[in-house]
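Reviewing the structure listed below.
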């Protein structure tokens, strides 16, 4: 089997005296949809933050193996913008859109690390810059069509309804041309119809060649999408496997539902 | 050696005043996360109020002790009122706005108050009456430590003690600590957060006013601009000690006062203000938590 | 219109302010003559004034409530105010701009030299405002030490002229470059800092530079400043005072047009978007691949460049500079312009600068209250209209139904 696009070995994260994450191992292979689930406070978002460069892990290693076969990249302590440049993008649990920018501009920001025009090009509107701008606009528009937001291009992000904002975050992350997409609770607050549309969207993204790691609480969505599930509780991995295996794992049931007093 | 002791006490005096003003900065920052830019002006208004009251009373022939007490009371009462009003008008409406909005509003308030006093009183330096007479028992050491220095040190020590008792043992103190830790939770357990915040401003302003009156009497003159420099230095002291920490403000005040005194005494007096500003810049860049503060990790 | 309850509350407010201002506004002592002056008329003024303002504020909030209620009843479509409509349509914008430009070109011939001189000052602040707008308005970095770059520009011209006989036109780009360099130097240490700490440190930097200029006599000639700075040369011809002012006016018009052109281009470019993303959400901005350090330093450097250029012009205009012209108050005034105009809005900043600089000039009688008004404007704007006079309109793109292409 080829190398996993994301390989996490023995990841631990300490905040002062608190060990928020303990020796976590995780793998995502090319073309997989992997889910990370667990009760609230289990350390899932902390994991995302460690992997994307917002925190520097106390122990362990995070490796990115680009699917095109180029050299593996060690992500420990790498700044968030470099992590994104290397091909891993994320969305946020509490939506972090650029509120006062339009929908299109939010996506265009995602193109920043794939383009290069700077001050001179901007001021003098050189041919190269104009071409790059046109390409950025076109690519961004196509991504918005993919998530179904093309009719709202000139709306300010803050004026969008909640479900649309979540989709915009995904579009923005896609614009950075990642081979691995990290989604932090993409279905939070969505109604069943929106969740079904999200299900289709994520499958389409996977079919286009992206790998996906998602944190999610909506079990129906997780079961429908995932090739593999990792379960964490109190910062530790307590189970991993296919959706069927995990859903019948007693440790997982105990973590979510608590122990039966009579058992 | 004598020079050293002289500088030492001079530094303690400075440090006391910085500490008194710094307490206001640190308490307000601890409770609403705002750098109260206008706090220096509260200090200045305290000094001016004391000046006006003391001069009027002395013209009408009141005895010195009553002048000191009444001027001090007036300074504290009016400064507290200004502090309360400023919070209500310029900061409370912005409590849920982005932090920078409140900071800009504070800057505006500072400029407004400076010019208000300038227009209401005068742009010239005003001579401040000497409120603390030279005590007889101080005569043998008068060339090293003045009576004024002594009074300032004692008053500061008393104020610190009173504040510590208030914060640690009184109901209001407990409410203040709770609000500083978690405002929403404090509201949910029934604390009147608005009242607590107003109280914080009132206490901080009163302390600054007393400091203003004492140092004005010590130096002998005031003008509308003293708040700016004193404010920045006191803020430096608060940050040095760890912003949000009350003992930190006191520690920072004395450290700054002493270092300034020795630096200007032994090195050069021209660059006195540069020293304070540079210290401020260096602390904020390299150790923003200060001496007694805790490093804040950002929650994402 | 007002209930008895509301009138009673406003009366209490006015009594409170009468009490508050009593010692400083009513009492005036003369310590030397040992006299006391009781200015009761001031108290009356304060009481009446605060009563009326309190009612006005109440009126404003009632009006706001009614507007909010109407919004939920009707649909949420907001109609753009007229100004924004005009500015976003090129077919209105271009002729309007042309007309304004034409008026400004013939201005000196309709008004006196004195008026022209005032206009030069206003235009200088327009440029300063547009420069600070890059740092504060677009990138969201609250720089309270902007005056430092202004001083760098002014002193670089003054000193280069004093030591090396450098002329105005040579000094202009050098001043700009030096200011940009300082922008990077001062920006470097503050890269990690949060909003309010960033503000205080930049304030500290501004003051440190001023204090150094004031005390390092060997370098800057200290508080006495540098004089006899030559005005810009017109192909070597000596100009009379009126001629020099006229010349400087047209130079300023050209500089302002240039500034507007550049800032406009930057705003809608890749770097402009990066600045706004940085302002909106620094963490998300980094997560989307933007190098926040490079973006911040670029903002500081580019913002500083304009201040440097205006500094050179300032030195040439007044022919004498000293550290007293570069206090924190200057930074505060320029900040006030950006805040009043609307963070990020070019047109707003221009309007803000013209209002804040020209109004006090024309209301000479009230000039004593100028700084008081500035302070009040800052507070009022933040509470009632933090987005400023003009909110920044983002560029809109047109797409044809099935294929794509960008509009405008």
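Taken together, the values in this text are just the output of simple stated rules run on the coordinates, not laboratory data. The shown structure was predicted, so the numbers you read here are calculated from the model rather than taken from an experiment. Note that each Cβ is placed from the backbone with ideal geometry, even for glycine, and that neighbours are counted across all protein chains shown.
Max-minus-min Cα coordinates of region A:130-262 on each principal axis give 69, 28, 24 Å, with the largest extent listed first.
Obtain the radius of gyration and the Kirkwood radius of region C:83-384 from its C-alpha atoms and give Rg over Rh.
With Rh from the inverse mean 1/r over Cα pairs, Rg/Rh is 0.96.
Counting other beta carbons within 10 Å of each Cβ, put A:129, A:176 in order, fewest first. Walk me through the numbers on the way to the answer.
Values: A:129 21, A:176 24.
Ordered by Cβ neighbours within 10 Å, fewest first: A:129, A:176.
Given a Förster distance of 41 angstrom, what is the FRET efficiency for residue B:287 paired with residue C:115, based on the Cβ-Cβ distance and rounded to 0.05? Kindly include the intermediate steps, with their values, before the conclusion.
Details: r = 53 Å, r/R0 = 1.29.
Once rounded, the FRET efficiency stands at 0.20.
For region B:2-286, a Kirkwood hydrodynamic radius built from all Cα pairs, placed in the Stokes-Einstein relation at 4 °C and 1.567 mPa s, yields a translational diffusion coefficient of 67 µm²/s.
For chain A, adding -39500 (n - 2.57) for each run of n ≥ 4 DSSP H residues and dividing by the number of residues yields -11000 deg cm²/dmol at 222 nm. Legend: calculated FRET efficiency, residue A:142 to residue A:197, from the Cβ-Cβ distance at R0 = 22 Å, rounded to 0.05, equals 0.75. In this simple spin-label approximation, residue B:269 and residue C:35 carry label points 7 Å from Cα along the Cα→Cβ vector, and these lie 3.6 nm apart.
Normalising the average separation of contacting C-alpha pairs (under 8 angstrom, six or more residues apart) by the number of residues puts the relative contact order of region C:4-73 at 33 percent.
Most fluctuating residue of A:111, A:167, A:134 in a GNM of chain A with Cα springs under 10 Å: which is it? So, out of A:111, A:167, A:134, the one fluctuating most is A:134.
Relative to the longest principal axis of the Cα atoms of chain B, the long axis of helix B:226-241 lies at roughly 60 degrees.
Under the classification rounded if a/c is under 1.5, otherwise prolate if a/b is larger than b/c and oblate if not, where does region A:58-172 fall, given a ≥ b ≥ c as square roots of the Cα gyration tensor eigenvalues? List each step's numbers first, then the result.
Values: a/c = 2.05, a/b = 1.23, b/c = 1.66.
Judged from the Cα gyration tensor, region A:58-172 comes out oblate (a/c at least 1.5, b/c at or above a/b).
Relative to the longest principal axis of the C-alpha atoms of chain A, give the angle of the C-alpha long axis of helix A:127-147, reported between 0 and 90° and rounded to the nearest 10°. Result, in degrees: 40. Comparing C:312, C:184, C:36 in a Gaussian network model of chain C (Cα springs below 10 Å), the most mobile by mean-square fluctuation is C:36.
Give me the number: length gained by fully extending residue B:85 to residue B:170, i.e. 0.36 nm times residue separation minus the C-alpha to C-alpha distance, one decimal in nm.
Details: separation 85, 0.36 × 85 = 30.60 nm, distance 2.44 nm.
Going from the current span to full extension adds 28.2 nm.
Measuring nothing but how far apart in sequence close Cα pairs (under 8 Å, 6+ apart) lie, relative to its length, chain A scores a relative contact order of 27 percent. From least to most packed, judged by other beta carbons within 10 angstrom and beginning with the fewest, A:131, C:395 follow the order A:131, C:395.
Remark: relative contact order (region A:137-223) = 29 percent; criterion is Cα-Cα distance under 8 angstrom and separation of 6 or more residues.
Restricting attention to the protein assembly as shown, close to 65% of DSSP beta bridges with both partner residues there are antiparallel.
With R₀ set to 22 Å, the beta-carbon distance separating residue C:3 from residue B:95 gives a calculated FRET efficiency near 0.20. Taking the Cα centroid of region C:324-385 and of region C:227-256, what is the distance between the two, rounded to the nearest whole Å? Here the answer is 27 Å between Cα centres.
Using the count of nearby Cβ atoms within 10 Å as a rough guide to exposure, how do C:16, C:40 rank from fewest to most?
Working: C:16 17, C:40 8.
Ranking C:16, C:40 by Cβ neighbours within 10 Å, fewest first, gives C:40, C:16.
Annotation for region B:89-129 versus region B:242-262: alpha-carbon center distance of 24 Å. Modelled spin-label separation between residue C:319 and residue C:92, with each label point placed 7 Å from Cα along the Cα-to-Cβ direction: 4.6 nm.
Where the eigenvalues come from the Cα gyration tensor of the protein assembly as shown, what are the semi-axes √(5λ) of the equivalent ellipsoid, largest first, in whole Å?
Working: eigenvalues 521, 292, 159 Å².
The three semi-axes for the protein assembly as shown are 51, 38, 28 Å.
Over chain B, dividing the summed -39,500 (n - 2.57) contributions of all DSSP H runs of at least 4 residues by the number of residues returns a 222 nm mean residue ellipticity of -24500 deg cm²/dmol.
Projected over every direction and averaged, the convex hull enclosing the alpha-carbon atoms of chain A yields 16.3 nm². Distance between the 7 Å Cα→Cβ label points at residue B:188 and residue C:234: 7.3 nm.
Please give the calculated 222 nm ellipticity per residue for chain C, where each DSSP H segment of at least 4 residues contributes -39500 (n - 2.57) and the sum is spread over every residue; nearest 500 deg cm²/dmol? Could the numbers behind the result be given before it?
Values: 16 runs with 280 residues, N = 408.
Helix contribution divided over all residues of chain C: -23000 deg cm²/dmol.
In the elastic network of chain B, a GNM with C-alpha springs shorter than 10 Å, the most mobile of B:106, B:209, B:186 is B:186.
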